[in-house]
1. Take the residue pairs B:54/B:96; B:83/B:333; B:58/B:96; B:58/B:83 and return only those whose Cα atoms are more than 22 Å apart.
2. How much of the calculated P(r) for the range B:1-68 lies past 20 Å, in percent of all Cα pairs?
3. How long are the semi-axes of the equivalent ellipsoid of the range B:226-331, defined as square roots of 5 times the Cα gyration tensor eigenvalues? Whole Å, largest first.
4. Bin width 10 Å, origin at 0, all Cα-Cα pairs of the protein assembly as shown: what percent of pairs per bin?
5. Please name whichever of B:531, B:490, B:507 sits farthest to the positive end of the charge dipole of the range B:437-542, dipole taken about the Cα centre and charges placed at Cβ: Lys and Arg +1, Asp and Glu -1.
6. About the Cα centre, and with charges only on the beta carbon of Lys, Arg (+1) and Asp, Glu (-1), how big is the dipole of the range B:254-380? Nearest 20 debye, please.
7. Please report B:287, A:81 as a ranked list, fewest other C-beta atoms within 10 angstrom at the top and most at the bottom.
8. Can you tell me how the range B:117-176 classifies by the Cα gyration tensor, rounded, prolate or oblate, using a/c under 1.5 as the rounded cut?
Amino acid sequence: MAERTATIASSVGLHARPAAIFAEAAGEYDLEITIAAEGEPEDEAMDASSVLSLMSLGAGQGDKVVLRAEGAGADDALDHLVQILETDHDAE
Amino acid sequence: MQTLTGVGVCAGRVIGELVSMPEPVSEPAAGLTLRDEEPEAAVARLQSAAAAVKAELKRRAEVAVEKDAADVLKSTALMAGDKALLKNAAKLITGKGLAPERALWEAASDYADQMRALGGYMAERAADIEDVRARLVSQLQGLPMPGVPHRDVPFVLTAEDLAPADTATLDPELVLALVTSGGGPQSHTAILARNLGLPAVVAARGVEALADGTRVFVDGATGEIRTEPGEEEEELVEAWVRSAAARTAFDGQGVLSDGTEVPLLANVGTPEDARTAAAAGAQGVGLLRTEFCFLGRDKEPSVEEQVEQYTAILESFAGKKVVVRTLDAGADKPLPFLTDTAEPNPALGVRGFRTDRSVPGVLARQLEAIALAEEATDADVWVMAPMIATTSEARDFAAMARAAGLRVPGVMVETPSAAVTADQILRHVEFVSLGTNDLTQYTMAADRMMGSLAELNNPWQPAVLRMIRYTVEGALRAESEGAGRRNVGVCGEAAADPALAVVLVGLGVHTLSMSPRGLAPVAAVLRSVDLATARALAELAIEQPSAEDASAAVRTELSVLAELGL
């Protein structure tokens, strides 16, 4: 099981455009990738490729989230996804 | 032949076939279960419905001309195919045996409720999820998609009323006219029609009983809808087309037949609007709505950003007057950083200038930005606050505007209290602008969005005309007490009604501001009367017992209206 913690960089938090960008990226991997607020139990983690789940997390700028995935390429996938979370898409 | 009569809100005569808006999707019954379908088959049906909706939305996003519309369609497409949403719905199908439309309804409603509970900007996204919900349920039930139907031939669109969201799917090239059974002169349908220049009739009771495909004649000036149109109607349409030049050409000079000048200005809301207005000959801007800078934002835009946006508008009006209205947000036009969406009665809540009390700072920064934009251009900038009810609010706003370096502060007159205390208010500010849409709703105590109150929500109501007279008299009193020249303008939809425009001038209003399409017809009608006639017509209108009588009495006296098809 690969696991990474990321800090939300988007100034408006993880919703709308940032959530859509992230969900699309997570959906491109043939892996079950989950996301949860830091400290939440693993079995309450949600599908990272679901934009609705991401938005319902209500994660704001500076909040920490945990990404998890299992299988071949999981480490590379999570590294890439952490990078997306830690970019401020609203500043573009 | 059958004739229906509603309220004409945008002039124009057309003949075409009726196409009605689909009924809003209703909630599938609670506990609606699978009948003869295996759960696996139902899940598969749900997935293919989602895939179809997603594909259609994506296709439309690709052909959408405007980037904003494309973005909305793209994000809606993403939600329609959301894995977690479909998984949750599938669980309700296999676990509880629910029918797919009910399962999807519940799963989507869960997400919408969660968004609402998060509040602020997220709460607004709940409506997006409900839109997706409606699309998926329609697809599953084999019903037409929500939104304006697609046809190959232009048609007359009918509906009970249109919502702001429907405007995104309305292609003005495909719609000949709008006819609604509900709605009033200030409804979204009416505002949309005027913006697009589409002939429109609202509150046309009985139109809902006409079948799709019925050929009708629509007159957006008289409010008439006739079935089985014949030669007479065809001639009326031709006459309308022939007189187009007189209605569309404005030479940039609002003037009565005796030479009295009545500057005709434009209402604008974006830099693009401003260019359109300038090209249409507007003598300035009587209402610059600044919300475009703020709407859809999670955070207040920076001063620099605002300066850039305002400058883009002011540049179209070098050397001309531009009346900038400061931010008019409220629970009905929410902004996450400024308003409380939970108000029970948004029209009477914390909105307009009142938000400066609840969230100080936003207005001061906006005024700073407006002042900087004025410095950067040659426009003659006036600034006004919306939703003023007391003299002290007007005084406070004037002080804030002057402190920011803005020389000409004014206020909107939208509340009856501001109208009847205009003399006191005008000791502190240099001008007032009558927002007749709100002034009508507050004077008549009638929600402007409610079609059933359309008769009350009519600026021809003698009570509204009297409020306008109070305001003008207040200005004259302030002037006689040595206040200096006090301009009274009108920037509500009333100004674009050519017959009412004559009455407003007769009541003593100095300037009229309207959507650019209104300029030429209003100018043509004003040019046919002198000030004495306008005054007599104003007197005639104000003494009538009802709005209908007032409008009819004035229209009868203005033969130019029939000549121009207005």
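1. In this structure, B:54/B:96; B:83/B:333; B:58/B:96 exceed 22 Å between Cα atoms.
2. Summing the P(r) tail past 20 Å for the range B:1-68 gives 66 percent.
3. Over the Cα atoms of the range B:226-331, the semi-axes work out to 36, 21, 12 Å.
4. Per 10 Å bin, starting at 0, the Cα pair percentages come out as 3, 14, 22, 24, 18, 12, 6, 2, 0.
5. Farthest along the dipole direction, towards plus: B:531.
6. 320 debye
7. Listing B:287, A:81 from fewest to most nearby Cβ atoms yields A:81, B:287.
8. Because a/c hits 1.5 or more and a/b fails to exceed b/c, the range B:117-176 counts as oblate.
Values quoted throughout were computed directly from the atomic coordinates according to the rules given, and no laboratory measurement underlies them. Not measured: the values here are computed from a predicted model. Methodologically, a virtual Cβ is constructed for each residue, glycine included, from the backbone with ideal geometry; neighbour enumeration extends over all protein chains shown.
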